[in-house]
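Novice: The following block contains the structure, expressed as structure tokens.
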Amino acid sequence: MTKKPWAIDRACFTPVKRPIYLINMAVDVSMQRRGIGRKLLAEAERTARAWPAQSICLDAYDTAAGAGRFYARCGYREVGRKVYRGVPLVYYESLIRPAVD
């Protein structure tokens with residue numbers, strides 16, 4: 001991807017040569033708490049390793065309905081907070097370790 005996603009502030013993330021920005025991931029409320037989000041993140045991590053990327057970066061709404069706690073439970077670490085066009089966001093990242101053969 002050559003164009004920066006709309007709300008991503010790269011300065012908040014660990015500088016790596018090949019980051020992946022995960023945008024627009026959502027699970028319908030009626031389907032939450034069934035492991036779907038974890039499976040989507042696992043697939044993103046598999047894709048990142050195959051690319052190969054060194055990190056996955058994303059943002060979540062900084063509200064009660066936001067997915068921040070979910071990302072933290074999945075091992076993503078909070079690296080910043082921003083307000084973009086009036087929307088409070090929390091930035092998360094996961095550094096990708098190379099696959100061990």
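The values are calculated or read from the model by the stated rules, or taken from the named source; none is laboratory data. As the structure is a computational prediction, the values presented were derived from the model and not from experiment. Glycine gets a Cβ as well: all are built from the backbone with ideal geometry, and neighbour counts include every protein chain shown. SASA here: full protein model, heavy atoms, side chains in, ligands and nucleic acids out. Shrake-Rupley method; radii C 1.70, N 1.55, O 1.52, S 1.80 Å.
Novice: Per residue, what accessible area does the chain have, given a 1.4 Å probe and all protein chains present, in Å²?
Specialist: Per residue, the chain has an accessible area of 71 Å².
Novice: Can you say what percent of the DSSP beta bridges in the chain, counting only those with both residues inside, are antiparallel? Round to 5.
Specialist: Just about 80 percent of them are antiparallel.
Novice: [x] 8.7; [y] 11.5; [z] 7.1: which one is mean projected area of the Cα convex hull in nm² as calculated from this entry?
Specialist: Label of the calculated value: [z].
Novice: Rounded to whole Å, give me the distance from the Cα center of segment 7-31 to that of segment 36-67.
Specialist: 6
Novice: Starting with the highest mean, order 65-74, 79-88, 32-41 by the number of other Cβ atoms within 10 Å, averaged over the residues of each peptide.
Specialist: Taking the mean over residues of other Cβ atoms within 10 Å, the ranking is 65-74, 32-41, 79-88.
Novice: A further question on this structure: Can you tell me the relative contact order of segment 2-68? Whole percent, Cα pairs under 8 Å, sequence separation 6 or more.
Specialist: 41
Novice: Can you give the net charge of the other residues whose Cβ lies under 15 Å from the Cβ of Val90, counting K and R as +1 and D and E as -1?
Specialist: Computed value for this residue: 0.
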